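Readers should treat all values here as calculations from the given coordinates under stated rules, not as data from a laboratory. As the structure is a computational prediction, the values presented were derived from the model and not from experiment. Every residue, glycine as well, gets a Cβ built from its backbone with ideal geometry; the counts of neighbours run over all protein chains shown.
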Amino acid sequence: MKICIDTPYVTVSEYARRSGQSDSAIRKEIELGHFLIRPKTEGSKSSVLINMVHMAIEAAEQAERVLGPSAKIRVEV
């Protein structure tokens, strides 16, 4: 199985659109440390960006745990 990622980072609103979750649910997951985000400098007003590479790797690892190592899952950026 091959997982392809179209972009390394997405905004919270884009992740919400793709996942069907609310912005507030995603922000809560970020606060809990469940989602990796792109580091921001102190006082930056840039958007919070979710690391999609990490999300894909996490999904691949979960699938491998369930399906076993013979599933041969690859993540490509």
Order of GLU31, GLU42, GLU14 from fewest to most other C-beta atoms within 10 Å? GLU42, GLU31, GLU14
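In debye, nearest 20, what is the charge dipole magnitude of the chain about its Cα centre with +1 on Lys and Arg Cβ and -1 on Asp and Glu Cβ, if you could check? The partial results should precede the final answer.
Details: 11 positive and 10 negative charges, 20 e Å.
In total the dipole reaches around 100 debye.
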Among the lysines, which have Cα under 22 Å from the Cα of LYS2 when same-chain residues fewer than 8 positions away are ignored? LYS72
Expressed as a rounded percentage, what relative contact order does the chain have, with Cα pairs under 8 Å and six or more residues apart? 47 percent
Segment GLU76-VAL53, extension gain: residue separation times 0.36 nm, minus the distance between their alpha carbons: 7.4 nm
